[in-house]
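Colleague: There's a structure below that I have some questions on.
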Amino acid sequence: WDDFGQLLIVLNEDVPPNAVLLWQYVPHMYGRGGVNKVLPKIWSAFRKEGRDQVILAHEVMAPWGRRPSHWYYAWHHRRQWKSAVREASLLAISTERWFENWAPVNPRLRQKGFVLPSPNSIDRVPVPEGHKRAWRVEKGLDPDTKILAWFGSVSTSKQLEWVLDAWETANRAGIH
């Protein structure tokens, strides 16, 4: 991912010129700390060749952090994202909040961006009527207690405030 010439050769050999290139964009997937200076150059080269590129953005960028290394890759993520918006034919963003934050200030994103939530690999399992209530009582909770499940650790990069905002919105809407 760090050799522009070689990457361009391989992609041009393996991908027919009339194919739509579908990029899965998660900044941390490319390079160290999600910093890859070659990827935007590849996008630009393909756009100049007239190739259609659809970028599926799961994450857009890391938040600013407390350490200089966090600032370094957060800054680079923002540069990569601007390039993605400029070079893509279409941009599908999996998180509505990213789109809400960026579309108002970026005309290109408003034109070619849209929200496309990521699929979930957790199977839905039907439960008998009254199960949620009985489970809460069994655990010593009030039967009407609302529960938020969180996967992973809590850190700046996990955007906990977004989860809490969604939680509050769901509660106001009466979604349980």
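The values are calculated or read from the model by the stated rules, or taken from the named source; none is laboratory data. Here the structure is a predicted model, which means the values were calculated and not measured. Quick reminder, even Gly has a Cβ in these numbers, built from the backbone with ideal geometry, and neighbours come from all protein chains shown. What goes into the accessible areas is simple: the full protein's heavy atoms, side chains included, and nothing from ligands, DNA or RNA. Shrake-Rupley method; radii C 1.70, N 1.55, O 1.52, S 1.80 Å.
Colleague: Select from segment 101-110 the residues that are assigned to a helix (DSSP H, G or I) and not aromatic (Phe, Trp, Tyr) and write down the one among them that is surrounded by the fewest Cβ atoms within 10 Å (Cβ to Cβ).
Modeller: Filtering segment 101-110 for residues that are assigned to a helix (DSSP H, G or I) and not aromatic (Phe, Trp, Tyr), the one surrounded by the fewest Cβ atoms within 10 Å (Cβ to Cβ) comes out as 105.
Colleague: In this structure, is residue 117 assigned to a loop (DSSP other than H, G, I, E, B) and in contact (Cβ under 8 Å) with a residue 12 or more places away in the chain?
Modeller: yes
Colleague: So, one more: Every residue in segment 87-100 that is part of a helix (DSSP H, G or I) and surrounded by 15 or more Cβ atoms within 10 Å (Cβ to Cβ), please. Before the answer, list the steps.
Modeller: Narrowing segment 87-100 to residues part of a helix (DSSP H, G or I): 87, 96-100.
The answer is 87, 97, 98, 99.
Colleague: Take the residues in segment 53-66 that are small (Gly, Ala, Ser) and within 15 Å of residue 97 (Cα to Cα), then tell me which one is surrounded by the most Cβ atoms within 10 Å (Cβ to Cβ). Don't jump to the end; show me each part of the working.
Modeller: Of segment 53-66, the ones small (Gly, Ala, Ser) are 57, 62, 65.
Right, trim to within 15 Å of residue 97 (Cα to Cα) and you get 57, 62.
Working: 57: 25, 62: 22.
If we take residues in segment 53-66 being small (Gly, Ala, Ser) and within 15 Å of residue 97 (Cα to Cα), then 57 is surrounded by the most Cβ atoms within 10 Å (Cβ to Cβ).
Colleague: Which one of 48, 82 is free of Cβ contacts under 8 Å to residues at least 12 places away in the same chain, under 20 Å from residue 3 (Cβ atoms) and of a type outside the set (Asp, Glu)?
Modeller: 48
Colleague: Turning to a different aspect of this structure: From the set of residues in segment 120-143 that are part of a helix (DSSP H, G or I) and of a type outside the set (Asp, Glu), which is surrounded by the fewest Cβ atoms within 10 Å (Cβ to Cβ)?
Modeller: Of segment 120-143, the ones part of a helix (DSSP H, G or I) are 131-138.
Okay, now just the ones that are also of a type outside the set (Asp, Glu), so 131-137.
Numbers: 131: 10, 132: 15, 133: 14, 134: 13, 135: 13, 136: 16, 137: 12.
Filtering first and then ranking leaves 131.
Colleague: Can you tell me which condition residue 74 does not meet? The list is (1) out of contact with any Phe, Trp or Tyr (no Cβ under 8 Å at 6 or more places or on another chain); (2) within 27 Å of residue 117 (Cα to Cα); (3) surrounded by 14 or more Cβ atoms within 10 Å (Cβ to Cβ); (4) free of Cβ contacts under 8 Å to residues at least 24 places away in the same chain, and all the others hold.
Modeller: Going through (1) out of contact with any Phe, Trp or Tyr (no Cβ under 8 Å at 6 or more places or on another chain); (2) within 27 Å of residue 117 (Cα to Cα); (3) surrounded by 14 or more Cβ atoms within 10 Å (Cβ to Cβ); (4) free of Cβ contacts under 8 Å to residues at least 24 places away in the same chain one by one, residue 74 breaks only (1).
Here is a yes/no grid of residues against (1) closer than 24 Å to residue 166 by Cβ; (2) at pLDDT below 85; (3) open to solvent by 90 Å² or more (accessible area, probe 1.4 Å); (4) not in a strand (DSSP E or B):
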position	(1), (2), (3), (4)
1	no, yes, yes, yes
6	no, no, yes, yes
10	no, no, no, yes
24	yes, no, no, no
43	no, no, no, yes
51	no, no, no, yes
70	no, yes, no, yes
79	no, no, yes, yes
